[in-house]
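A short worksheet on the structure shown next.
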Amino acid sequence: MYDGNNKTALQSQKLIADAMLRLLDDLSFSEISVSSICKEADVSRQTFYTVFGTKENVMIYELTQKCRYTPEQKQCDCRTEKLRELCAEYSGYIIENRRIMELLVRNNMMQCFYDVQYRTLTDCEHFVRDVPDRERQFIVDFIAEGISSIAKNYVLTGCTADEAELAEIIYMLFSGGYFHGDIQK
């Protein structure tokens, strides 16, 4: 996948990603061909293969552009961030990106969302930086997988939870509150 600064290539990536999302509104991921993406985006197949290589990379690109929670943007040491704040941030993030979450669930592609979350948290120099690398890997995996599962279930239950309710669910799961009987009614 292209990762440079060439304006033409970057514009082509955006055109292709937008075309993929439009096509996903009516077709499943497996029904969409590279040719149909190129036709919809008005780019050549060579351009597609140069900037993405695969259809999966188009989804990874889209998720990386719009659907990754980046703790470093808050300019704080995420290790000291309160769990409730982290849960509230993820709740808003899931609801804000509802459309893409629905497309991923419908196409059985939540693994792409997990991969982007895992890489983003791993690359964030502020995220649990004072934990040994082996433990940090488990923490990042737990959060990325947990958020992926929560996003999936949010979609499967009809996207009915509001931001506060979803934040509370995330908090109760991540804090272990459900196991300690700390459920608030």
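The values are calculated or read from the model by the stated rules, or taken from the named source; none is laboratory data. None of the values given here were measured: they were computed from a predicted structure. Cβ atoms come from the backbone with ideal geometry, glycine included; neighbour counts cover every protein chain shown. The protein model used for the area step is the full one, side chains on, heavy atoms only, and it has no ligands, DNA or RNA in it. Shrake-Rupley method; radii C 1.70, N 1.55, O 1.52, S 1.80 Å.
Residue 67 fails exactly one of the following numbered conditions: (1) open to solvent by less than 60 Å² (accessible area, probe 1.4 Å); (2) modelled with pLDDT of 85 or more. What is the number of that condition?
Condition (2) is where residue 67 drops out.
May I ask you to list the residues in the range 13-56 that are open to solvent by 40 Å² or more (accessible area, probe 1.4 Å) and within 16 Å of the chain's Cα centre (by Cα)?
Residue satisfying the conditions is 56 alone.
Cβ-Cβ under 6 Å, sequence separation 6+ or interchain: first residue in the range 134-148 and touching a residue at least 24 places away in the same chain (Cβ under 8 Å), partner open to solvent by 50 Å² or more (accessible area, probe 1.4 Å) and assigned to a helix (DSSP H, G or I). Which pairs?
144/118
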